[in-house]
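**Q** Encoded as structure tokens, here's the structure I'll be asking about.
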Amino acid sequence: MKTSQEKLVAPAETAIDRVGEAKINNPLSLGRFVDEDEAVLVHISRSNVELQGKGGSKRRAFFEPAGPRSRVYYDPSKTKCAIVTCGGLCPGLNDVIRAIVMTAVHEYRVPSVLGIRFGLAGFIPEEGHDIVELTPERVSRIHEFGGTFLGSSRGPQDPEAIVDALERMNVSILFMIGGDGTMRAASAVIREVVKRRLSISVVGLPKTIDNDIDFASPSFGFDTAVETATMAIKGAHVEATGAPWGIGLVKVMGRDAGFIAAQSALACQAVNFVLIPEAPFDLLGEKGFLAALDSRMKRRGNAVIVVAEGAGQDLLDQTSRTDASGNKILGDIGGLLKGEILAHFKAQGIDATLKYIDPSYIVRSVPANANDRIYCSFLGINAVHAAMAGRTNLVISRWNGRYVHIPIDLVTRGKKRILTDSNYWRAVLESTGQPATMRND
Ligand code: ATP
Ligand code: MG
């Protein structure tokens, strides 16, 4: 997928912060330690490699590989960890939690891993949430379930109050699993930790079901989301072909990026229109969506439409409503399309049969599939290795097929989008047969 990740990264932007010098021998007995000189090239296309190499290889950007180091910063027997999950649900959250606990306790033998309940609110005493001691026994089967074992929440929490809680509980390492908001919260916590000169490491695990975070390709849970969305689309296809003038309309997640819609369409090969936020469209007019749908219906008698929730927002009455974390509340594009499509055919005396399926909450709450389980395990395992080695202010991600350390600032810098002039989007259009653009101008 060609995405905005093509922006060049400078070598200085990949440096990973450390809490202090790692002086203690790593207690791990199996496997190999990462060679500190090893590095993973950020940009692998020849043009980018050449562009960066012009000033010598020092101009090339590398990510630090993830994995266990021969020396650790924290004394394992005296290290307390904490895990928090924030924002919306995504398949794989429990797998990440489980892997962190298992690695910390079994591999490093840390005495305690605390589970913070219901997102950042769990740090705030007035909220009254309990703290759970995450033992291997307690988490051994949580990966069989969707959602997050710890619960989640939105809404602002004071970084000072969060660090107060970390100090009170004597936590050395905090793992924060969440989306862009959570990564920004992690940065704020780290600034407070640095201000107080504490030796607390904060490691982020970026979560986005929309697959819109830079430098995570793809993000965990995305594979499961596509697989689940595909089942809904198959249902829509059956409905559409089983009735005269049958139309199946499926709304999937994708606030600013239409990756789930596009990828599911590619997987199904039964979708006739994919509508994504990156490709604005007109409803009316000669080249608009309704004209294209009309033409398809008159040729083939049925159609399957997949729309990302953030598509066509310019067609809806704009409100400035936001959720507790300040995220814009989107207008209901699925509802609008349903009404407009039925009215369009009704005006011609045609009673179209439209089945509208919104699998969003199923897509995000199912347990992870096999691929995502493995992916999430490695993310959790590597998060523990990074933190024990004293790394901080970073996320764990998979990049160019390797697990790497990426500074938090780099992943929150931009958001990944589908480029509508890419071969990827062209493949989607070829699979649907929809016009390259559905705009009149
Ligand atoms: P999702 O992708 O599901 O939206 P998210 O992590 O972006 O996940 P949010 O609810 O936006 O979810 O944010 C998670 C938590 O981080 C919330 O408690 C929110 O208040 C906090 N947060 C968001 N942005 C910041 C910020 N700039 N500084 C401090 N805290 C923040
Ligand atoms: Mg967010």
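The values are calculated or read from the model by the stated rules, or taken from the named source; none is laboratory data. This one's a predicted model, so the numbers in the text were calculated from it and none came from an experiment. Here the Cβ is made from the backbone with ideal geometry for all residues, glycine too, and neighbour counts use every protein chain on show.
**Q** Mind listing whichever residues of the range 294-322 are closer than 19 Å to residue 252 by Cα and over 27 Å from the mean Cα position of the chain (by Cα)?
**A** 303
**Q** Now for a different question. For residues that are modelled with pLDDT under 95 and either touching a Gly at 6+ places or on another chain (Cβ under 7 Å) or under 17 Å from residue 74 (Cβ atoms) (or both), tally how many sit in the range 155-178.
**A** Of the residues in the range 155-178, 0 are modelled with pLDDT under 95 and either touching a Gly at 6+ places or on another chain (Cβ under 7 Å) or under 17 Å from residue 74 (Cβ atoms) (or both).
**Q** Among the residues of the range 71-90, write down those that are within 13 Å of ligand 1 (Cβ to nearest atom) and either part of a loop (DSSP other than H, G, I, E, B) or on the phi > 0 side of the Ramachandran plot (or both).
**A** Listed by number, the residues that qualify are 86, 87, 88, 89, 90.
**Q** For the range 240-348, please list each of the helices (runs of 4 or more DSSP H) lying entirely inside it that holds at least 3 residues being away from ligand 1 (no atom under 16 Å from the Cβ) and surrounded by fewer than 16 Cβ atoms within 10 Å (Cβ to Cβ).
**A** On the way: elements: 259-268, 289-300, 333-346.
Filter on the range 240-348 gives 289-300, 333-346.
**Q** Filter the range 181-214 down to the residues that are under 16 Å from residue 157 (Cβ atoms) and near ligand 1 (Cβ under 9 Å from one of its atoms) and list them by number.
**A** Result: 181, 182, 183, 184, 185, 186, 187, 188, 189.
**Q** Right, residue 130: more than 20 Å from the chain's Cα centre (by Cα), in the same structural domain as residue 18 (by TED's automatic domain parsing) and closer than 17 Å to residue 120 by Cα or not?
**A** Considered against the rule, which asks whether it is more than 20 Å from the chain's Cα centre (by Cα), in the same structural domain as residue 18 (by TED's automatic domain parsing) and closer than 17 Å to residue 120 by Cα, residue 130 comes out as yes.
**Q** Sticking with this one: Listed residues 178, 147; which is in the same structural domain as residue 108 (by TED's automatic domain parsing), within 21 Å of the chain's Cα centre (by Cα) and within 15 Å of ligand 2 (Cβ to nearest atom)?
**A** Residue meeting the stated conditions: 178.
**Q** Also, I was wondering about something else. Taking the condition of being closer than 30 Å to residue 79 by Cα and part of a helix (DSSP H, G or I), how many residues in the range 349-389 meet it?
**A** Here the count works out to 17.
**Q** Sticking with this structure for a sec: Mind checking which residues of the range 125-147 are free of Cβ contacts under 8 Å to residues at least 24 places away in the same chain and either within 16 Å of ligand 1 (Cβ to nearest atom) or more than 29 Å from residue 224 (Cα to Cα) (or both)?
**A** Within the range 125-147, 126, 127, 128, 129, 130 qualify.
**Q** Also: Any residue that is closer than 16 Å to residue 338 by Cβ and within 16 Å of ligand 2 (Cβ to nearest atom) - is there at least one of those in the range 299-322?
**A** Scanning the range 299-322 turns up at least one residue that is closer than 16 Å to residue 338 by Cβ and within 16 Å of ligand 2 (Cβ to nearest atom).
**Q** In the set 155, 204, which member is of a type in the set (Gly, Ala, Ser) and surrounded by fewer than 22 Cβ atoms within 10 Å (Cβ to Cβ)? Show your work before the answer.
**A** On the way: 204 fails: surrounded by fewer than 22 Cβ atoms within 10 Å (Cβ to Cβ).
Only one candidate qualifies: 155.
**Q** Also, quick follow-up: Return the pairs, sorted by first residue and then second, in which the second residue is among the polar types (S, T, N, Q) and surrounded by fewer than 23 Cβ atoms within 10 Å (Cβ to Cβ), the first residue lies in the range 383-410 and is at positive phi and touching a residue at least 40 places away in the same chain (Cβ under 8 Å), the beta carbons are less than 9 Å apart, and the residues are 6+ apart or on different chains.
**A** 390/199; 393/187; 400/217
**Q** Pick from 64, 6, 21: which is at pLDDT 95 or above, out of contact with any strand residue (DSSP E or B) (no Cβ under 7 Å at 6 or more places or on another chain) and under 29 Å from residue 178 (Cα atoms)?
**A** Selected residue: 21, the only one of 64, 6, 21 that is at pLDDT 95 or above, out of contact with any strand residue (DSSP E or B) (no Cβ under 7 Å at 6 or more places or on another chain) and under 29 Å from residue 178 (Cα atoms).
**Q** While we're looking at this one, here's another question. What are the pairs with Cβ atoms under 7 angstrom where one residue, in the range 83-95, is outside the structural domain of residue 132 (by TED's automatic domain parsing) and the other, located anywhere, is more than 13 Å from ligand 1 (Cβ to nearest atom) and charged (D, E, K, R)? Sequence gap at least six, or different chains.
**A** Close Cβ pairs (under 7 Å, with a partner that is more than 13 Å from ligand 1 (Cβ to nearest atom) and charged (D, E, K, R)) do not exist here.
**Q** Applying the selection to the range 91-124, what residues are away from ligand 2 (no atom under 16 Å from the Cβ), part of a helix (DSSP H, G or I) and under 16 Å from the mean Cα position of the chain (by Cα)?
**A** Residues satisfying the conditions are 94, 95, 96, 97.
**Q** Let me ask something additional. Among the listed residues 166, 150, 174, 120, which satisfies the condition of being touching a residue at least 60 places away in the same chain (Cβ under 8 Å), buried (at least 21 other Cβ atoms within 10 Å of the Cβ), near ligand 1 (Cβ under 10 Å from one of its atoms) and aliphatic (A, V, I, L, M)? Spell out how you get there, then give the answer.
**A** Details: 166 fails: near ligand 1 (Cβ under 10 Å from one of its atoms); 150 fails: near ligand 1 (Cβ under 10 Å from one of its atoms); 174 fails: near ligand 1 (Cβ under 10 Å from one of its atoms).
The match here is 120.
**Q** Further question: Would the range 199-215 turn up any residue that is in the same structural domain as residue 89 (by TED's automatic domain parsing), over 24 Å from the mean Cα position of the chain (by Cα), of a type outside the set (A, V, I, L, M) and under 30 Å from residue 42 (Cβ atoms)? Don't jump to the end; show me each part of the working.
**A** So in the range 199-215, the residues in the same structural domain as residue 89 (by TED's automatic domain parsing) come out as 199-215.
From what is left, the residues that are over 24 Å from the mean Cα position of the chain (by Cα) are 199-200.
From what is left, the residues that are of a type outside the set (A, V, I, L, M) are 199.
Filter again for under 30 Å from residue 42 (Cβ atoms), leaving 199.
Scanning the range 199-215, I find at least one residue that is in the same structural domain as residue 89 (by TED's automatic domain parsing), over 24 Å from the mean Cα position of the chain (by Cα), of a type outside the set (A, V, I, L, M) and under 30 Å from residue 42 (Cβ atoms), so the answer is yes.
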